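These notes are about the structure you will find just below.
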Amino acid sequence: MRVVVAGAHGKVARLLSAQLRAGGHVPVGLIRNPDQRGELARAGVIPIVLDLEHASVSDVAAVLTGADAVVFAAGSGENSPSSRSLAMDRDGAILLAQAAVVAGVRRFVVLSGAGADDYERGSTEPFQVYLRAKADADAAVRTLDLDWVILRPDALHDGAGTARFSAGVRVERRGIAREDVAAALCDVAVGQDPGRVQLEITTGDLPLRAALRAADVAVG
């Protein structure tokens, strides 16, 4: 399968692309910094320079055409101003989803964040704005005619993955390895369609699909 990954130079996205390659799939990486093209290409990713903060729906749809799935794994980054959180984490995700509709790509996966809906209304504190941006983007994606999956991981760390998960509308905060988040994104992007799902995920005791079943999510 051909899978377009937005934010392809990010930590989780690079792990995801490696897992896609290992599974025989073709990762296409959207990046805004042209200096990152060589690194991605050496890792077996097809790099495409495209800035979601300044592109049009038609611009993005043109590069999505022919893909089997799209993963939004982009982000504004730590210490970014609130304006950039809104421009990328919210508006960039929505733009990518709208472009997927135009391009006819059904499978759309969002890397969101646990607790996104619990942001403090009216707060201008940067992290609260970031959570609001994620919540707004997720809400917009849920209205679109896509086979969307929204995964909201617990706090990320760079430790070794366990390949064991807990999933649900809310999960106990245990932390989760970026490697495991990438594996979950890969599974729902190229595996059997789990249906329209929005769930928090964290480290647990079950393989991903079993964790989804335990969360009462219909899976293939």
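The values are calculated or read from the model by the stated rules, or taken from the named source; none is laboratory data. Computed from a prediction, not measured in an experiment: that's the story for all the values here. Note that we place each Cβ from the backbone using ideal geometry, even for glycine, and neighbour counts take in every protein chain shown.
Values for this structure:
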{"item": "Test: residue in segment 168-183 that is in contact with a helix residue (DSSP H, G or I) (Cβ under 7 Å, 6 or more places away or on another chain), of a type in the set (Lys, Arg), modelled with pLDDT of 95 or more and at negative phi", "result": "yes"}
{"item": "Selection status of ASP180, outside any loop (DSSP other than H, G, I, E, B) and either farther than 18 Å from ALA215 by Cα or more than 12 Å from the chain's Cα centre (by Cα) (or both)", "result": "yes"}
{"item": "Hits in segment 42-99 (condition: in a loop (DSSP other than H, G, I, E, B), among the hydrophobic types (A, V, I, L, M, F, W, C) and more than 26 Å from ASP193 (Cα to Cα))", "result": "ALA43, LEU50, LEU52, ALA55"}
{"item": "Residue check, VAL101 in contact (Cβ under 8 Å) with a residue 12 or more places away in the chain, under 23 Å from ASP180 (Cα atoms) and among the β-branched types (Val, Ile, Thr)", "result": "no"}
{"item": "Residues (in contact with an Asp or Glu (Cβ under 8 Å, 6 or more places away or on another chain) and either in a loop (DSSP other than H, G, I, E, B) or at pLDDT below 95 (or both)) located in segment 14-41", "result": "ARG32"}
{"item": "Condition met for GLY191 (within 16 Å of VAL70 (Cα to Cα) and without any contact (Cβ under 8 Å) to a residue 40 or more places away in the chain)", "result": "yes"}
{"item": "Cross-chain or 6+ apart pairs with Cβ under 8 Å, segment 155-179 first and buried (at least 16 other Cβ atoms within 10 Å of the Cβ), then in a strand (DSSP E or B) and among the acidic types (Asp, Glu)", "result": "ALA167/GLU200; GLY168/GLU200; VAL171/GLU200"}
